[in-house]
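Contents: one structure, followed by commentary.
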Amino acid sequence: MKRKTARLTFTEEELANPNVRRAAKKAARAADRADKAKAKLSTRAPPKRGLKMDTDKAKERSAQLRFGKAEFGEEIAKPKRRKPGVEALLSGEAHRQVDKQNQDENAGVQAAHEGERLAEGAAKKLKDGKYSKKLKAYKKAEKLDKAADKANIRALHRKKQAEQPTSNPISRWKQRQQIKASYYARKTGSKISGGAANTARSAATKKAKAAAAKAAQFASTHAHMILMGGVLVLLIMVIFCFITSCSVFFPGGMGTIWTTSYTAEDEDILGAETDYQALEEALRAEIAAIPSSYPDYDEYTWDLDPITHDPHQLAAVLTAIHEAYTRGEVQGTMQSIFDAQYEIILTETIEIRTRTETRTGTDPTTGDTYTYEVEVQYEWKILNITLLNFGIDSVARGMLSGDDLDRYDILQETQGNRPELFGGVSVGYGSDGSGEKGIDYEVPAEALSDPEFAAMLEEAEKYLGTPYVWGGSSPETGFDCSGYVCWVLNQSGWDVGRTTANGLWQQAAKVSEHEVKPGDLVFFQGTYDTPGASHVGLYVGDGMMISAGDPIKYSNIHSSYWDKHLLGFGRIPK
């Protein structure tokens, strides 16, 4: 994981194309983010170990035993570390045995044993918390590395499109797959050495010569059979050509349409989407109820990925698995996808803090009372709540393989030939965890004629693909939605300080959707449990915004998710 992220280089001639230039910049930014995340990982390398045969180790031990000074290696001298689950099981069984033996003991013995059990639990939680934090850093680095690879592939695809434009989605998909295969082959360094290639070429030549000699000998002794076979092959070809020429008018085109389209009825596709959103609403309620479910904590910290998804990705994976599915028959599959997409992690942190307390005392000589202050230590218990959204795309690539995965990729490229099915172009409806969706959107050129908005957009696009960080407000810490908008405004000539989405809503002069223009703000409510505005984005025109989802990306404000949460539009005075 510590290896440097792959980077691309383009010539000035290639960068003259605006699409290539823009994709190249985004690829470079994605690589910078990935390298930055990798730099934070542990630099400790695993120990190098030489290869030693089992027979060698046996000889070494027998020799040592003959002289009476055997030295056993770690694999014998040290017991293997138990896995966390096994350790918990054994510990629990031990405590049950002690409880059974102490049923008749007094309350003091039982209280001491209960204290021992709580201490073990606290130690385990602390250990699990450290592991979870380290694991999350590695997952974040891996996620950004994959996003950088995808940005590189997009840039190479833009370059190829500039050189060899393709018009239909199948051609574009094939072109992208070829670029992807070539990119990963070069990245992993898979190649055939010159010597091996020459050897293979020589062997193939010898086999070809031997086959040609055998074929000539067979032809000279079986001429009449070859003639009859040729006539039969010719007849079959005539029949085949007749059949295929007829099929041009009927099934020939239908196969391509079927391959690139959703095969379920719209009612079932939309019904399944509604059911998946219901699962996400239940997850929001579960997270909001955590403080009441775990009331014995002094503080709760939140690090939550957005609860959202791309409906076209869901429809594509369901089609690849079930084809013409009904709403009822995909419930189990959707639950499996949902369970793999989201993960809640709870960890406990206990801090030892001090506070000043005022106490009273009595002077033994005079009998007067007086007050004095003392510093008292106490425990401050924090429950850290983390929600990871791995995205449907990464889940689908783990579930599918072979033809099913190819079908999924084609459906992603074509959006099932029904891009408007979910209420608009779904470039940013949800997060796939990779940063791919919502990154490639091009703001209309006429919107950039306003120099003030053009400067604002240039600042905003610097952070496309940056992961969401709860409470973040700078490039160093990452961004949440309000932190991102405040940063862009402050860097573009405004002075709004650092406030929440609802704080920006209070500052803004309200405008209607008919009056809104690029550079205004768009607000949403009810995306999580808070009064007023809960999400804010920068409006860029044509019903699109750029905001800090996960990652920072473009989204359609009238997609099925955002439209139901839309609060209004506002203009911040300068």
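Packing, as the average of other Cβ atoms within 10 Å across residues, places the peptides 363-376, 24-37, 509-522, 136-149 in the order 24-37, 136-149, 509-522, 363-376, highest first.
For the peptides 177-187, 385-395, 292-302, what is the packing order when you average, over each peptide's residues, the other Cβ atoms within 10 Å and list the highest mean first? Show your work: numbers first, answer last.
Working: 177-187: 13.6, 385-395: 21.4, 292-302: 11.5.
Ranked from most to least packed, the peptides come out as 385-395, 177-187, 292-302.
In this structure, ASP406 and ARG355 have a Cβ-Cβ separation that, at R0 = 41 Å, corresponds to a calculated FRET efficiency of about 0.05.
With both labels modelled 7 Å from their Cα along Cα-to-Cβ, the ILE236 to LYS381 distance reads 7.8 nm. Amide H contacts under 5 Å for THR466: ILE552, restricted to partners 5 or more places along the chain or on a different chain, H placed in the peptide plane at 1.01 Å from N. In order along segment 179-185, the phi-based Karplus estimate (6.51 cos²θ - 1.76 cosθ + 1.60, θ = phi - 60°) of 3J(HN,Hα) comes to 5, 4, 5, 5, 4, 5, 5 Hz; Gly and Pro are listed as x.
Anything over 26 Å Cα to Cα? Flag those among LYS136/LYS160; LYS510/LYS553; LYS143/LYS574; LYS517/LYS564; LYS517/LYS574, in the order listed.
Details: LYS136/LYS160 36 Å; LYS510/LYS553 24 Å; LYS143/LYS574 38 Å; LYS517/LYS564 21 Å; LYS517/LYS574 15 Å.
Check vs 26 Å cut-off fails for LYS136/LYS160; LYS143/LYS574.
Modelled spin-label separation between GLU476 and ALA39, with each label point placed 7 Å from Cα along the Cα-to-Cβ direction: 1.3 nm. What whole number of Å gives the distance from the Cα centroid of segment 17-42 to the Cα centroid of segment 448-491? Segment 448-491 and segment 17-42 have Cα centres spaced 16 Å from each other.
In order along segment 384-389, the Karplus-derived 3J(HN,Hα) couplings, from 6.51 cos²θ - 1.76 cosθ + 1.60 at θ = phi - 60°, round to 8, 10, 10, 10, 9, 10 Hz, and Gly and Pro are given as x. Residue-wise HN-Hα couplings along segment 480-485, as the Karplus relation 6.51 cos²θ - 1.76 cosθ + 1.60 with θ = phi - 60° gives them from phi, are 9, 5, 6, x, 5, 5 Hz; Gly and Pro carry x. Note on ILE345 and HIS565: with the Förster distance fixed at 25 Å, the Cβ-Cβ geometry gives a FRET efficiency of about 0.45.
Can you classify segment 423-571 as rounded, prolate or oblate using the Cα gyration tensor, where a ≥ b ≥ c are the square roots of its eigenvalues, rounded means a/c under 1.5, and otherwise it's prolate if a/b beats b/c and oblate if not?
Details: a/c = 1.04, a/b = 1.01, b/c = 1.03.
It is rounded, given that a/c, with a ≥ b ≥ c, falls under 1.5.
Counting 0.36 nm for each residue step from GLU458 to GLN178 and taking away their Cα separation leaves a gain of 97.6 nm. A Förster radius of 22 Å combined with the Cβ-Cβ distance from GLU420 to TRP302 puts the calculated FRET efficiency at roughly 0.05.
Extension gain for LYS187-ARG22 works out to 57.2 nm (0.36 nm per residue, less the C-alpha to C-alpha distance). In plain terms, the chain from THR365 to ILE290 could stretch by 21.5 nm, reckoned as 0.36 nm per residue minus the Cα-Cα distance. For LEU304, the amide hydrogen comes within under 5 Å of the amide hydrogens of LEU387, TRP470, counting only partners 5 or more places away or on other chains and with H modelled in the peptide plane. Residues whose amide H lies under 5 Å from that of GLY526, counting only those 5 or more places away or on a different chain, are SER534; hydrogens are built 1.01 Å from N in the peptide plane.
Relative contact order for segment 423-571: 30 percent, from Cα pairs under 8 Å spaced at least 6 residues apart, divided by residue count.
In this model, which of LYS25/LYS140; LYS140/LYS180; LYS140/LYS174; LYS146/LYS187; LYS40/LYS180; LYS180/LYS462 are farther than 19 Å apart at the alpha-carbon? Kindly include the intermediate steps, with their values, before the conclusion.
On the way: LYS25/LYS140 21 Å; LYS140/LYS180 22 Å; LYS140/LYS174 30 Å; LYS146/LYS187 12 Å; LYS40/LYS180 28 Å; LYS180/LYS462 25 Å.
From the list (LYS25/LYS140; LYS140/LYS180; LYS140/LYS174; LYS146/LYS187; LYS40/LYS180; LYS180/LYS462), the Cα-Cα distance tops 19 Å for LYS25/LYS140; LYS140/LYS180; LYS140/LYS174; LYS40/LYS180; LYS180/LYS462.
None of the figures in this text is laboratory data; all of them are computed from the coordinates on show. Model, not experiment: these values are computed from the prediction. Reconstructed Cβ throughout: ideal geometry from the backbone, glycine too, with neighbour counts over all protein chains shown.
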